[in-house]
Amino acid sequence: MPTAEAIMAQVAAHQDQGEAERAHYVYVQHAKVDSRRGRTTMCEEITDYRVTPMENGTHQELLKLDGRLWLKGKYVTYNALSATAGKVQDGETMDVEIGGDEADRDMVENMRKNLLLNSSKDGINAQLFPLTSKEQESESFRLMGRERLNGRDVFHVAFRPKDKSDWGWKGDAFVDTATLEPVMISTEMARKVPLAVRTLLGTNVPGLGFTVIYAAQPDGVWFPVSFSTEFKIHVLFFFRREIVIDAENRSFEKTHVTTRILGADGREEQLWRAGSTWNPMTTKAL
């Protein structure tokens, strides 16, 4: 049986290669994001985005949004993003007016953007999982054995940061024994946020962790097909919420037409489209 390090080295090689191969897929990401206070759903948004790879990252087109927000003892429904949606850039701190009427809506929309709609071509924040060769440098691995998962024989590999003081991810990788591709990855924070830091910031995120399931496309490219997480947020000692995210990537199409989109600033950005239907008024073929 191969070692855990050898298995994960192959996973890293496949992920490095697969990142480029996945850049030729257009797909729809169906997501449901909830903000809950106890048993009450404070805000719920169900969205469909068409995700199209670009030279740097992806282009997300909102196809549908069904939202409801708890306001003054009743639900208000809506089908468009809030005016502040999308203003938080990757890596920035979410600016939410705690206690404001739209606080839960802002939180839901920013959580979706930061964890799903980022620069990754997978539709999942690339920093959440130690799979690529660069990300694996800080992780240690232990082979737990062989199991059966989702109809496939898998190696079960546990991982955690090499540095015990690291606040990074620990978890379990289930790797297909035949292809050495990940079938499922589950993570959680390697360490609890120290009490002194929680007291200073007035913020806590207990139970933060993620689960991603992968599946092979007809051409053999493995792609994340579902993402889920459930965790709590404590802010300023009185604002407490449970965040639940479920996302599914579906309706995959292999691209074969390359175009360029002219941005608002007049610069061109490379874009791959599935099929051959494109609007010559807004794009031009290479």
For residues in the range 156-183 being buried (at least 18 other Cβ atoms within 10 Å of the Cβ) and within 18 Å of the chain's Cα centre (by Cα), which is nearest to Val11 (Cα to Cα)?
Pro182
Would you confirm whether or not the range 24-33 contains a residue that is in contact with a helix residue (DSSP H, G or I) (Cβ under 9 Å, 6 or more places away or on another chain), in contact (Cβ under 8 Å) with a residue 60 or more places away in the chain, in a strand (DSSP E or B) and among the aliphatic types (A, V, I, L, M)?
yes
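Any residue at all in the range 36-44 that's surrounded by 20 or more Cβ atoms within 10 Å (Cβ to Cβ) and in contact with a Pro (Cβ under 9 Å, 6 or more places away or on another chain)?
Within the range 36-44, the subset surrounded by 20 or more Cβ atoms within 10 Å (Cβ to Cβ) is 42-44.
Filter again for in contact with a Pro (Cβ under 9 Å, 6 or more places away or on another chain), leaving none.
No, every residue in the range 36-44 fails to be surrounded by 20 or more Cβ atoms within 10 Å (Cβ to Cβ) and in contact with a Pro (Cβ under 9 Å, 6 or more places away or on another chain).
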Sole miss for Thr47 among (1) surrounded by fewer than 17 Cβ atoms within 10 Å (Cβ to Cβ); (2) within 18 Å of the chain's Cα centre (by Cα); (3) modelled with pLDDT of 95 or more is condition (1)
Report, by residue number, each residue of the range 34-82 that is more than 25 Å from Phe252 (Cα to Cα), part of a strand (DSSP E or B) and charged (D, E, K, R).
Asp34, Arg36, Arg37, Glu44, Arg68, Lys74
Could you look through the range 1-28, keep only residues that are touching a Lys or Arg at 6+ places or on another chain (Cβ under 9 Å) and among the charged types (D, E, K, R), and pick out the one that is surrounded by the fewest Cβ atoms within 10 Å (Cβ to Cβ)?
Asp16
Give just the number: which of (1) at pLDDT below 85; (2) charged (D, E, K, R); (3) closer than 28 Å to Thr40 by Cβ does Asp90 not satisfy?
(3)
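If we only count strands (runs of 3 or more DSSP E) wholly inside the range 202-272, which ones have 2 or more residues that are in contact with a helix residue (DSSP H, G or I) (Cβ under 7 Å, 6 or more places away or on another chain) and modelled with pLDDT of 70 or more?
Where strands (runs of 3 or more DSSP E) fall fully within the range 202-272 and carry at least 2 residues being in contact with a helix residue (DSSP H, G or I) (Cβ under 7 Å, 6 or more places away or on another chain) and modelled with pLDDT of 70 or more, they are 222-235, 239-262.
The values are calculated or read from the model by the stated rules, or taken from the named source; none is laboratory data. Worth saying up front: this structure is predicted, and the values here are computed from it rather than measured. Cβ sites come from the backbone with ideal geometry, for glycine too, and all protein chains shown count toward neighbours.
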